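The values are calculated or read from the model by the stated rules, or taken from the named source; none is laboratory data. This is a predicted model, so every value here is computed, not measured. Note that each Cβ is placed from the backbone with ideal geometry, even for glycine, and that neighbours are counted across all protein chains shown. Ligands, DNA and RNA are stripped out before the accessible areas are found, and what is left, the full protein with its side chains, is counted by its heavy atoms. Shrake-Rupley method; radii C 1.70, N 1.55, O 1.52, S 1.80 Å.
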Amino acid sequence: MRIGPIDIDRPVILAPMEDVTDRAFRQLCKRFGADIVYTEFVSAEALRRGAEKTLRKLVLEAGERPVAVQIFGSTVESMVEATAVAEEYAPDFIDINFGCPTKKVAGKGAGAALLREPGKMAAIAEAVVRRSSLPVTAKTRIGWDHDSINIIDVLRRLEDAGIQALAIHGRTRSDMYKGRADWNWIAEAKNHARIPVIANGDIWSAEDALAMFRHTGADGIMIGRGAIGNPFIFGQAKHLLQTGVVLPMPGFSLRIHAAIDHLELSVACKGEKYGTIEMRRHYSTYLKGLPKVSVVRNAIVREDDWQLVTEILLAYERECEGYARDGRIKEYAEYLNDHSDKLVLNY
Ligand SMILES: Cc1cc2nc3c(=O)[nH]c(=O)nc-3n(C[C@H](O)[C@H](O)[C@H](O)COP(=O)(O)O)c2cc1C
C-alpha cells in the first residue's frame, strides 16, 4: 500500500483514538509491530487558537514513524490553518477525521456530520490537500445512518479531491459502536476505489485481521479497541499474514511487562507525575482476567512513584508464576472472547 513515499505491503495500522493513542501508546504499539500509527484527533479550532494542550498532542518521536496527525473541524478555513500548524510538527502524512460520531464533534458540524454534507466534505479535503506539502488521507464511516449509506459517493469525491487513502470504519454514525461493523460495505468500496482502502471495525484478534483482508480485499487494516491492553495484536496479525501460523496468546509475564513498558514510555513522554497518573486507567486492560487482580490494581492506582509501581507489578508477576503452576490463570484469548463487548469505551 502506498501513501506518498510510504510503501508497506498489507500494513496493520493503529487507529486514532482520543485519550488512548498518545505518544507513549503509539511507541508501544510500534514496538509490538504496528506498521503505521495515528495521533488522537486534534481540533482544528484549538490549533488555530494555539491551545497549549492541543499543540502538545502534535509532538512526535522518531521511533513512531510513519505517523499521521489526524485533524477535525467544520470549516475550510480552520482546517487549512490547522494543516499549516500540523505540518510544522513534521508528521509523515495528515489525516482528516470525517467519522467521529460524538456530540462534541459531529454535533458541531465536524467528523461524521460531514457525511451529510458530502460537498462540504470534499471542499475541506481539497483545501487541505492544496495547502499541504504532505500526503493527505481521510477516515470515515459508511454513512450517516442505514437509510443514507453513501460511502461510494464519498469515496469518489475524496479521490477527486486528492485524498491518497481512505480508512473506512464499517458502521454508520447512528450505529455509534453498536452491533457488528459491516465489512461488506468496505469490500464494496474497495471494488470501486482508485486509492488504497484501509479497513476498520471489530478486529479483535490476528484471525480477525486475516479475515478482514480476505473479506474486503482492502490494502491495509486498522485496529482500534482490539489494541487497548493488547498491543501484541499487531505482531500476531503480521505473523499470521506472513506465515499462516497463529501465535499463542501472550501469557501473564508478557502482559505485565507490556504494562511496565507502557508506564516507562508514559513517564518519558509526560514526566514522572503525570506519566504515572495517566497510566492508572490502563492497568486493568493489561491485567484483566489475571487472578486477584483487584488487589494489585488498587495498590498501583494509589501509588505516585512509578518505580514503586514497577516493583509492585514485578512482585505480581512472581505471584502469577505461582498461580500458573496451580493452573489458575485463564487464557487471555478465552477472556477476550468473553469480554470484547465490554471493551467499548465511552466514546
Ligand atoms: C476511545 C476511542 C477513541 C476514539 N478516537 C478516535 C479519534 O480520535 N479519531 C478517529 O478517527 N476515530 C476515533 N475512534 C474510532 C476508532 O479509530 C475506530 O474507528 C473504531 O474504534 C472502530 O475500530 P475498532 O473496532 O478496531 O475499535 C475512537 C474510538 C475509541 C474506542
For this session: Would you tally the residues in the range 71-83 being open to solvent by less than 30 Å² (accessible area, probe 1.4 Å) and assigned to a helix (DSSP H, G or I)?
Result: 4
Exercise. Looking at this structure, is I151 near the ligand (Cβ under 10 Å from one of its atoms) and open to solvent by less than 20 Å² (accessible area, probe 1.4 Å)?
Worked result: no
Seminar exercise, completed: Of (1) in contact (Cβ under 8 Å) with a residue 60 or more places away in the chain; (2) closer than 19 Å to P231 by Cβ, A324 fails just (2)
For this session: Within the range 93-111, count every residue that is under 18 Å from A127 (Cα atoms) and either in a strand (DSSP E or B) or in contact with a strand residue (DSSP E or B) (Cβ under 9 Å, 6 or more places away or on another chain) (or both).
Result: 8
Problem set entry | For A68: the one exception among (1) more than 13 Å from the ligand (Cβ to nearest atom); (2) more than 18 Å from G275 (Cβ to Cβ); (3) small (G, A, S); (4) surrounded by 19 or more Cβ atoms within 10 Å (Cβ to Cβ) | (1)
Problem set entry | Tally, over the range 28-46, of residues that are assigned to a helix (DSSP H, G or I) and crowded, with 21+ Cβ neighbours inside 10 Å | 4
Exercise. Of the numbered conditions (1) hydroxyl-bearing (S, T, Y); (2) more than 12 Å from the ligand (Cβ to nearest atom); (3) in contact with an Asp or Glu (Cβ under 8 Å, 6 or more places away or on another chain), T21 satisfies every one except a single condition; which is it?
Worked result: (2)
Problem set entry | Residues that are open to solvent by less than 50 Å² (accessible area, probe 1.4 Å), touching a residue at least 24 places away in the same chain (Cβ under 8 Å) and out of contact with any Ser or Thr (no Cβ under 6 Å at 6 or more places or on another chain), drawn from the range 304-316 | V309, T310, L313, Y316
Exercise. What number goes with the only condition from (1) modelled with pLDDT of 95 or more; (2) open to solvent by 10 Å² or more (accessible area, probe 1.4 Å); (3) assigned to a helix (DSSP H, G or I) that A86 does not pass?
Worked result: (2)
For this session: Would you confirm whether any residue within the range 277-289 is open to solvent by 50 Å² or more (accessible area, probe 1.4 Å), modelled with pLDDT under 95 and of a type in the set (S, T, N, Q)?
Result: no
Problem set entry | Looking only at the range 47-65, and only at residues there that are open to solvent by less than 30 Å² (accessible area, probe 1.4 Å) and within 15 Å of the ligand (Cβ to nearest atom), the one that is farthest from Q164 (Cα to Cα) | T54
